[in-house]
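One structure below.
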Amino acid sequence: MEFILQQQAQLAASAQKHDEQLARLEAVVQKHDEHLARLEASVQKHDDQIAAVTDHVGRLAQAEIRLVERVDKLGARMDQFFERMDRFIQGLEGDGHKT
C-alpha cells in the first residue's frame, strides 16, 4: 500500500510538472502568435507602400510619354518655323536685300 501511495504521489508531481511545462509552452506560443500578427501587419503595410510606389511610377511613365509627345510636336512646329524663316530670308535676298 505504501508503494502505491508513493507511485500516486510521484505521478501527481509528474503531472504537475507537465502542467507547468504546458502552461509555459502555451505562453511561448501566444507570444509567437502575437509576433506573427505584428509581422503580418508590417508585411501588409509594406505591400500597400509598394502598390503606391508602383502606381506613382506608372503615372510618372505616362506623364513622361505625354511630355515626349509634346516635345516632338514642338520640334515639328519649330522645324516648320525655321523652314518659313529660311524661305523668308531667301525671299529677301532674292529682292536684292542683304542680310
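No lab work stands behind these numbers, since they all come straight from the coordinates. None of these values were measured; they are calculated from a predicted model. All Cβ positions, even for glycine, are placed from backbone atoms using ideal geometry, and neighbour counts span all protein chains on display.
In straight-distance terms, cross-link reach from LYS45 covers every one of the aspartates and glutamates whose alpha-carbon lies under 17 Å from its own, apart from those fewer than eight places away in the same chain; here that gives GLU34, ASP55. Full extension of the chain between HIS46 and ALA15 yields a length gain of 6.6 nm, computed as 0.36 nm times the residue separation minus the alpha carbon distance. If you fit an axis through the alpha-carbon atoms of helix 2-94 and take the longest principal axis of the Cα set of the chain, what angle between them do you get, 0 to 90°, nearest 10? Once rounded, one gets 0 degrees. Values (1) 16.7; (2) 14.2; (3) 22.3 are given for comparison; Kirkwood radius over Cα pairs in Å, derived from the coordinates here, is the one labelled (3).
Where Rh denotes the Kirkwood radius from the mean inverse Cα pair distance, what is Rg over Rh for the stretch 22-75? Using Cα coordinates only, the ratio equals 1.57.
Considering only GLN49, LEU92, LEU11, and ranking their Cα positions along the charge dipole of the chain that arises from unit charges at the beta-carbon of Lys, Arg, Asp and Glu, the one farthest toward the positive end is LEU92.
Note on ARG59 and ASP79: their simple-model spin labels are 3.4 nm apart, each label 7 Å out from Cα toward Cβ.
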